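K.L.:
Sharing a structure with you now.
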Amino acid sequence: MLRIRRFEESAARAYTRGKISGFLHLYIGQEAIAVATKQAIAAHDRVVSAYRTHGFALALGSDIKACAAELFGKAAGLVGGMGGSMHFFDKAHQLWGGYAIVGNHIPVATGHAFASKYTGDGAVTLVFMGDGAVGIGPVHEGMTLAGVWKLPIVFMVENNQYSMGTPLKRSVPVEDITARAAGYGFPSDRFHVTSVHETRARIAAAVDRARADNQPSLLELITYRFRGHSMSDPAKYRQKEEVDTWRLQDPLERTLLALQQLHGLDEATLEQHDAKIIAEVDAAYEFAEATPQPPPEARFENILVGE
């Protein structure tokens, strides 16, 4: 979690220096979800995410230098610098894409789950969306098909309280998003993400159902982002008191506190660990800045499946 946090903080600084173009959506505050997901799944399970995807790449094992290079639009990036922040993709580590078009990746993930059931490969697909995606038509279509066909998939809503700048209560008629699970024939689970251990256990239960019984699930993970929707969002629609309240529930800070108070790690040891992570992240961003841009002809690559 700390590694993801430091990577994202460095990304924010690089963006303000003009090193990153386009949009940049940070995962600060939500890191426990990506880490728990990695711990709850098997090596061949697939993860499909929306555009807030850096944390999943790092948690699943993507090379940190390739992640930084992708943000910089460099040839050494995960997808050759062609995807940028919102389109991380790493097939080798079962990250089957970050998708920028809200909600439209849900049928894609449903297709992955259909392929698994059809071929019998035993894989479970986990697909992540924000709370702002749940009203999008393709989300309903993907969930309907998953329920009809009994597919091995887990639909995960990362409810970080805001659809861009719109609070949840103004974007859905019933704030409990899992209430709609019954209409698809899904079991559901809804909980606050304050502990990576609890999050891992509850995700693992849904993954086990999908693998053993081809039973889809709908999970709502109540979380919070401590930065704006993207780097262009100053988040002035939130009160400082609200942010401070949520910071008390930050899984990263709670974990660091538990390591000290329950497991006896002293502050110096934690600082050494942090310094090691910062050095790794700094090296990744130095690599990203130094590595070359993709050649102009690269924009024509990876268009046809035969390539």
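The values are calculated or read from the model by the stated rules, or taken from the named source; none is laboratory data. Please read these numbers as outputs of a predicted model, since none were measured by experiment. As a convention, Cβ positions derive from the backbone with ideal geometry for all residues, glycine included, and neighbour counts pool all protein chains shown.
K.L.:
Give me the helices (runs of 4 or more DSSP H) completely within region 1-62, filtered to those with at least 1 residues that are polar (S, T, N, Q) and within 30 Å of Ala205 (Cα to Cα), ordered by residue number.
P.N.:
The helices (runs of 4 or more DSSP H) meeting that bar are 31-40.
K.L.:
Which condition number in (1) part of a helix (DSSP H, G or I); (2) within 16 Å of the chain's Cα centre (by Cα) is the one that Gly183 fails?
P.N.:
The failed condition is (2).
K.L.:
Return only the number of the condition from (1) charged (D, E, K, R); (2) surrounded by fewer than 16 Cβ atoms within 10 Å (Cβ to Cβ); (3) in contact (Cβ under 8 Å) with a residue 60 or more places away in the chain; (4) not in a helix (DSSP H, G or I) that Arg227 does not satisfy.
P.N.:
The failed condition is (2).
K.L.:
Within region 197-205, can one find any residue that is hydroxyl-bearing (Ser, Thr, Tyr), under 20 Å from Thr37 (Cβ atoms), within 19 Å of the chain's Cα centre (by Cα) and at pLDDT below 95?
P.N.:
no
Residue-wise test of (1) under 25 Å from Ala43 (Cβ atoms); (2) touching a helix residue (DSSP H, G or I) at 6+ places or on another chain (Cβ under 6 Å).
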residue	(1), (2)
Phe114	yes, no
Val124	yes, yes
Phe128	yes, no
Gly135	no, no
Leu145	no, yes
Lys150	yes, no
Ser163	no, yes
Ala179	no, no
Arg190	no, yes
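K.L.:
Sticking with this structure for a sec: In region 255-281, which residues are loosely packed, with under 13 Cβ neighbours inside 10 Å and either charged (D, E, K, R) or in a helix (DSSP H, G or I) (or both)?
P.N.:
Listed by number, the residues that qualify are Leu257, Gln261, Asp266, Glu267, Ala268, Thr269, Glu271, Gln272, Ala275, Lys276, Ala279.
K.L.:
Here's a follow-up. Picking from Val207, Val172, which residue would you name as being out of contact with any Pro (no Cβ under 6 Å at 6 or more places or on another chain), buried (at least 17 other Cβ atoms within 10 Å of the Cβ) and assigned to a loop (DSSP other than H, G, I, E, B)?
P.N.:
Only one candidate passes the filter, namely Val172.
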